[in-house]
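None of the figures in this text is laboratory data; all of them are computed from the coordinates on show. The structure displayed is predicted, hence computed values, not measured ones. Heads up, the Cβs are rebuilt from the backbone with ideal geometry, glycines too, and the neighbour counts pull from every protein chain shown.
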Ligand SMILES: Nc1ncnc2c1ncn2[C@@H]1O[C@H](COP(=O)(O)OP(=O)(O)OP(=O)(O)O)[C@@H](O)[C@H]1O
Ligand SMILES: [Mg+2]
């Protein structure tokens with residue numbers, strides 16, 4: 001294993017349900033994620049992207065195979081150890097945001113720090129908040145924010161503790177291109193300037209163009225990988241998959 005490897009999916013399998021209702025969400029997925037590397041994960045709806053992210057972040061348990069983070073086999077950790085690892089080393093942006101409704105945007109953003117009992121690094125927190133561009137909405141509760149604003153709060157919350165690994169499930173799915181570009185630029189800096197390992201699910205070739213590589217999932221398997229993606233190359237590859245699907 002490369003010394004720079006931070007997270008590993010080792011033949012991860014995930015089957016939901018059983019018998020006739022069984023759904024194979026992941027089918028022997030193996031991949032390595034290195035320090036400072038920005039990986040985009042793409043694939044049709046239902047191809048297993050969120051399941052893979054959840055398994056790698058210790059939010060879901062695979063039915064076979066192993067997920068490793070920082071040399072720890074997540075399956076071997078006790079619940080308290082897993083909770084601590086998630087809190088200290090992983091920032092997660094959920095596809096559905098998962099903000100706490102009773103807290104304001106600001107309180108949601110600094111929640112990981114509050115839970116860890118650490119003081120916010122003022123400078124960094126300010127930078128994150130500036131980058132997500134919430135301006136005067138910080139004192140509002142999630143129900144008073146637009147979908148895009150909630151998504152930006154979720155991004156800031158994942159980044160504020162400077163976790164080693166940032167996992168973002170469609171972080172720009174609800175954003176206009178300008179706010180999207182800001183978040184993507186920030187994720188890229190997290191990887192390039194601060195050596196964080198970034199995993200991002202996206203359906204958008206432009207977003208994927210910010211990454212160092214793209215993993216393509218289909219039916220729970222990695223079917224292709226692209227290094228040095230550009231929006232055009234990604235779009236091209238997606239079209240080819242669509243072609244295969246209708247054949
Ligand atoms: N809790 C669950 N119970 C049963 N089936 C599930 C569950 N979660 C996901 N699945 C199924 O597993 C498969 C993969 O789901 P997953 O959410 O990982 O897809 P995805 O690639 O993230 O899709 P999308 O782009 O729509 O978010 C799908 O067929 C889905 O219906
Ligand atoms: Mg998903």
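Give the angle, between 0 and 90 degrees and rounded to the nearest 10, that separates the Cα long axis of helix 147-159 from the longest principal axis of the Cα atoms of the chain. Approximately 90 degrees, to the nearest ten. The relative contact order of the chain, computed from alpha carbon pairs under 8 Å that lie at least 6 residues apart in sequence, is 26 percent.
With one equal scatterer per alpha carbon and no solvent term, the Debye-computed log10 I(q)/I(0) for the chain at 0.11, 0.15, 0.17 1/Å reads -0.57, -1.06, -1.34. Computed extension gain for residue 23 through residue 223, at 0.36 nm per residue and net of the alpha carbon distance, reaches 70.1 nm.
Distance between the pseudo-spin-label points of residue 103 and residue 232 (7 Å out from Cα toward the beta carbon): 4.4 nm. Set against the 2.2 N^0.38 Å expectation for a compact globular protein, the stretch 1-122 has a Cα radius of gyration ratio of 1.18. Taking the helices alone, the chain has a mean residue ellipticity at 222 nm of -10500 deg cm²/dmol, built from -39,500 (n - 2.57) per DSSP H run of at least 4 residues and averaged over all its residues. Here the chain carries DSSP beta bridges of which approximately 55% are antiparallel, counting only pairs with both residues inside.
The relative contact order of the stretch 170-247, computed from alpha carbon pairs under 8 Å that lie at least 6 residues apart in sequence, is 23 percent. Once you reduce the stretch 157-173 and the stretch 57-125 to the center of their Cα atoms, the two points are 10 Å from each other.
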